[in-house]
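Data first, discussion second: the structure below is written as structure tokens.
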Amino acid sequence: MAEIHELSAVDLRGALRSGELSSRQVTGHFLDRIAAENRHLGAFVTVTAEQALRDAAAADESHARAARSGTEPALLHGMPVAFKDLTDVAGVVTTHGSAALDHKPALADGALVARLKSAGVVSLGKTQVPEFGLTAYSENRIGPPSRNPHALSRSSGGSTGGSAAAVAAGLIPFAPGSDGGGSVRIPAAACGLVGLKPGRGLVPAGESTGDSAGLVVSGPLARSAADAALLLDAMVPGPLDPSAQPGPGYLDLAAQDPPRLRIGVSLDSPWQTIFPFTPDPESLDALAEGIRLLEAAGHETSDASIRYDNRYPAAFTTAWTAAVGDARIVPQREALLTPLTRTFRRRAQQRGPAKLAESIGLLRQFQRDTIAQYAAWDLMLMPALAQTPRPVGWFTGSAHGDGYWPAANWTGDADGDYRKQCEYAPWSSMVNVCGLPAISIPVHWTGGARGAGLPMGIQLIGPMGSEALLLQLSAQLGF
């Protein structure tokens, strides 16, 4: 057998359910991996090793009882996961990536955590995030930055950056994330993973509060479409016993071939009027490779010109940053916020509810207009990112060669930081506004072969209810 961390999540689940591997073996193996690798990666903020081993022992006892009674083990029996540090796990501190908050253990599991625990997972800890999940990089003032396993000088993306780094480095087999503006797809693309943002309402957002625009949804990060589908089966509300489901689950559906599709290809972005950008050659290489793979699989691609409302940037920024204005932070601790958070918090508090309502109304019209244009094709295709994974510290002005200046030395240029993020990931947030499913697929590597150099990916956007189709297409392309 391959090393435990080299197994796909699907194969690892099979070994756990059959009893070939015990949960204690698997949990111990991944905890050893974390102990050896996390000091370089900064993927984990908190490692709950003792609790994980207790939970693994309980999982093994439950498996033995199920075997004696002839019942099926839980869907994800004994599978190790980690939760991003915006999500409450009972008895574990939730930092929200902020030095300005009191760090107290959560009293209860969040909805998504409770769901996955009932499916049988063993939590190994909490992973690094940006402050309040606001940025496309996972750096904050409470711990080391989350680094990219493919190049430690580069960022793993955000806001689910710690989880993406952990999956890509083999510290966990897969991970749930949340996506309100690209927070699953951006780190998946940066770390060479499959990252699925489900459509609005399919999976509870879990940690999202104050999300009046309905931007945030939870989705899986994994090394393959099949692994992502397996985790999605556990994340979607419904029976956790596959035999009780009315139809095939996402794992079964992902193994089926998709129909022949008409796919619109576009580089248009709602950010380009306020932040004109030129995609890196590596981004265009990834798009070209995606087109080649799709056409080789029998799909038709054609250029698509999409017109986006130029009022989008201001409206999205208002909705995206509204919650941070309401965060409970005592005045004497405001100075502990990062420059970007502090700036957007002040602006959110100055705007007031009427401006937020106006912005949400505009976004709803943007949603209708954009979906109507996308409907001319079965799916939309674009690069996942406009640039290669950025150096750690690049967004905050603290990059220094291959090193990193601590957060105390960040420049404080919040608007420059935000502009860089929008130019880095210009095709992400509008998908959240539209509420549509989208997937990031790592089709290209700058070194010329899979796993060589830096990963670069494509994004496919589908209509509501197309999660299975997007997974099928990823699997068909070999990912």
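Every number in this text was worked out from the coordinates using simple rules, so none of it is lab data. Since the model is a prediction, treat every value here as computed from it, not as a measurement. We place every Cβ from the backbone using ideal geometry, glycine too, and count neighbours over all the protein chains shown.
In table form, for the structure just shown:
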quantity: Label-point separation in nm, residue 310 to residue 32, each point 7 Å along Cα→Cβ; calculated: 6.1 nm
quantity: Helical segments meeting 20 Å axial Cα length and Kyte-Doolittle 0.0 threshold in the chain (DSSP H); calculated: 281-296, 312-326
quantity: Packing rank of 263-274, 62-73, 330-341, where each peptide gets the mean count of other beta carbons within 10 Å, highest leading; calculated: 263-274, 330-341, 62-73
quantity: Gained length - residue 50 relative to residue 90, 0.36 nm times residue gap less alpha-carbon distance; calculated: 13.0 nm
quantity: Charge context of residue 26, other residues only, Cβ under 14 angstrom, K/R +1, D/E -1; calculated: -3
quantity: Listed residue (249, 181, 412) projecting farthest to the positive dipole end of the chain, Cβ model; calculated: 412
quantity: Sorted peptide list for 228-238, 136-146, criterion being average Cβ within 10 angstrom, highest first; calculated: 136-146, 228-238
quantity: Farthest toward positive dipole pole in the chain [+1 Lys/Arg, -1 Asp/Glu at C-beta], among 23, 191, 352; calculated: 352
quantity: Listed residue (79, 14, 69) projecting farthest to the positive dipole end of segment 1-119, Cβ model; calculated: 69
quantity: Per-residue [θ]222 nm for the chain (sum of -39500 (n - 2.57) over DSSP H runs n ≥ 4, rounded to 500); calculated: -12000 deg cm²/dmol
quantity: Segment 333-479 - convex hull of the alpha-carbon atoms, volume per residue in Å³; calculated: 147 Å³
quantity: Translational diffusion coefficient (Stokes-Einstein; Kirkwood radius from C-alpha pairs) of the chain at 10 °C, 1.306 mPa s, in µm²/s; calculated: 72 µm²/s
quantity: Amide H contacts of residue 177 (H built 1.01 Å from N, under 5 Å, at least 5 apart or other chain); calculated: 219, 221
quantity: Dimensionless Rg ratio for segment 1-55, taking C-alpha atoms and the 2.2 N^0.38 Å reference; calculated: 1.20
quantity: Which of 289, 358, 467 has the fewest Cβ neighbours within 10 Å, and the rest in rising order; calculated: 358, 289, 467
quantity: Neighbour net charge for residue 308 - beta-carbon separation under 15 angstrom, K R +1, D E -1; calculated: +1
quantity: Antiparallel content of DSSP bridges confined to the chain, in %, to 5; calculated: 70 percent
quantity: Centre separation in Å (Cα based) which lies between segment 427-479 and segment 150-183; calculated: 15 Å
quantity: The chain: relative contact order in percent, alpha carbon pairs under 8 Å with at least 6 residues between; calculated: 17 percent
quantity: Under 13 Å, Cβ to Cβ, from residue 358 - net charge with Lys/Arg +1 and Asp/Glu -1; calculated: +4
quantity: Net charge dipole size for segment 345-475 [Lys, Arg +1 and Asp, Glu -1 on Cβ; Debye, nearest 20]; calculated: 380 debye
quantity: Highest average packing first - 219-225, 420-426, 368-374, Cβ atoms within 10 Å; calculated: 219-225, 420-426, 368-374
quantity: Fewest-first ranking of 197, 104, using other Cβ atoms within 10 Å as the exposure measure; calculated: 104, 197
